[in-house]
Each structure stands twice: as structure tokens, then as C-alpha cells.
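The values are calculated or read from the model by the stated rules, or taken from the named source; none is laboratory data. No experiment lies behind these values; they were computed from the predicted model shown. Heads up, the Cβs are rebuilt from the backbone with ideal geometry, glycines too, and the neighbour counts pull from every protein chain shown.
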Amino acid sequence: MKTAIRIAALATAASGILGLTVAAFAQTTPAAKPMQIAQITAKGKLQKPADLESWIFLGASLGMGYNPGSFNAAHPGQFQIVLMEPNAYRYFAEHRTYAPGSMLLLSFYDSDKQQRSINQNGFTQADLTNYEIHVIDPAQGKDGRTFYTFDAKDTEGSPVPAGNGCVRCHVDHGAFEGTFAQFYPTLRPFVPKEALERAARDHDIR
Ligand code: HEC
């Protein structure tokens, strides 16, 4: 049995302010699209969202690390690609805050020098190895967010238990509402200048 995270705030946000709608309102406002809500299984896992491939691109990084000198140009590590559920993104762009239930995706791809065709230098994206989804939901515990981890072929993701390091780093160092909006060119224009300036002074994560 699956239960959806449904909270009053979401219904209000999604149907009223947003111009988005939850399924129940769909008939009365045919033009509006429902925000895809995190589907949590009876065992507390997150069902893989059906249309991940069509989510909105937020940003990418390669070889980003937190210690000076830790970058190895010959082995830069994995590409990290961040996407967001499209209706949650539209809400964010309009209201400059995340709707309850917003989902953000971080996917990991090996970086690859393999000559696939015309490429002679540099790195391209190899296959997906694993991914993580950040569900923002103030109704969920004291952190107001849950992180789920998936292997490439998983159809359900496991929640990272409460009190985890993911939440700590995100809340302490993410520029906006526990997300790393400072690294996403698609979100930066919507984030308050002060939040980006604060992030720009934040160089020590110990
Ligand atoms: C030391 C800090 C740190 C820790 C710990 C951390 N992250 Fe992140 N996370 C980042 C940074 C920086 C980004 C920006 C994207 C990137 O990596 O390119 C990010 C981005 C993300 C995103 C994309 C959406 C967002 O919130 O910005 C997800 C999803 C995510 N991380 C999941 C996790 C999970 C799951 C864990 C724990 C297993 C975790 N993170 C632990 C620093 C951290």
C-alpha cells in the first residue's frame, strides 16, 4: 500500500497560490498541472518518480571537493547532475520558496575518456551509477526534509535515517532552505542576494 505525503499546506499552496493543483482539483481547473508528490511506500521508502528524465535541469559539477588541493585533473571523479520536479520548479520560480513536497534529484555519472566517436580530449558522461532525492517537507520531523538514496536500477529509495550528516551539511551550508542553490545557475536568480553572499563567505565546512 502506498501513501502520498499530503499535507494541508501543499493543498493550499498547490491549488491556490500556485496555480498548480492536486489531483482532487484537476477537473475544475483543467489547465493546471498537479505537482508530483513524493510517493512513500508502507515501508517508508520513496517510489522512483515516473518521469525523472523530464525534470528541470538545475546544475552540474565535476570534481568539486571541500578541501584545497584534493582535485586530481586526471581523475576528476563523477559528474553530479541536479534536477528538480518541474511543477515544484515553477512554484519556486514564482514564489521564491519551495512548495512542501518539492523534490530535487542528484545523479552520479562516471566521467569517461572513452573514445565514443569524435571526442579526443576531456571527459564525457558515462552511465548512471546511483542517485539521491531530497524531499522538502516541513511536516516531516524536525529537519523538515528527508533524503533518499537509490542505486541506478532501484525502483524504491531508502531514507537516510534521521540525524544524518546529509541534513547537517545541507542546512548549514546550502544557501537556500537546505539546498545548494548557490551552485545552480537555474535557481541563483531567484535566491536572495544576501543568501548568495553568505554562501560566498562560507569556505570552511569543518
Ligand atoms: C559536506 C556537505 C554535504 C553532505 C554531507 C551531503 N551533501 Fe548533498 N549536496 C552537497 C553539495 C555541495 C551539493 C551541490 C550539488 C553538487 O554536489 O554538485 C549537494 C546537492 C545534493 C542534492 C541536490 C539537491 C540539493 O539539496 O541541493 C541532493 C539530492 C543531495 N545533495 C543529497 C545528499 C544526500 C542523500 C546526502 C547524504 C547521504 C548528502 N547530500 C550529503 C553537499 C553535501
Within the range 70-89, identify whether any single residue is under 24 Å from Gly178 (Cα atoms), modelled with pLDDT under 95 and of a type outside the set (S, T, N, Q), and answer yes or no. no
Scanning the range 44-65 for residues that are out of contact with any Phe, Trp or Tyr (no Cβ under 7 Å at 6 or more places or on another chain) and either touching a residue at least 24 places away in the same chain (Cβ under 8 Å) or within 15 Å of the ligand (Cβ to nearest atom) (or both) gives Gly44, Lys45, Gln47, Pro49, Leu52, Ser54, Trp55, Phe57, Met64
Subset of the range 72-97 [touching a Phe, Trp or Tyr at 6+ places or on another chain (Cβ under 6 Å) and basic (Lys, Arg)]: Arg96
Thr12 meets each of (1) modelled with pLDDT under 90; (2) among the polar types (S, T, N, Q); (3) farther than 18 Å from Pro138 by Cβ with one exception, condition (3)
Any idea which residue in the range 143-173 is farthest from Gln36 (Cα to Cα), counting only those that are without any contact (Cβ under 8 Å) to a residue 12 or more places away in the chain and assigned to a loop (DSSP other than H, G, I, E, B)? Gly163
I need the full set of residues from the range 81-118 which are of a type in the set (Ser, Thr, Tyr), under 17 Å from Ala175 (Cα atoms) and in a loop (DSSP other than H, G, I, E, B), in order please. Thr97, Tyr98
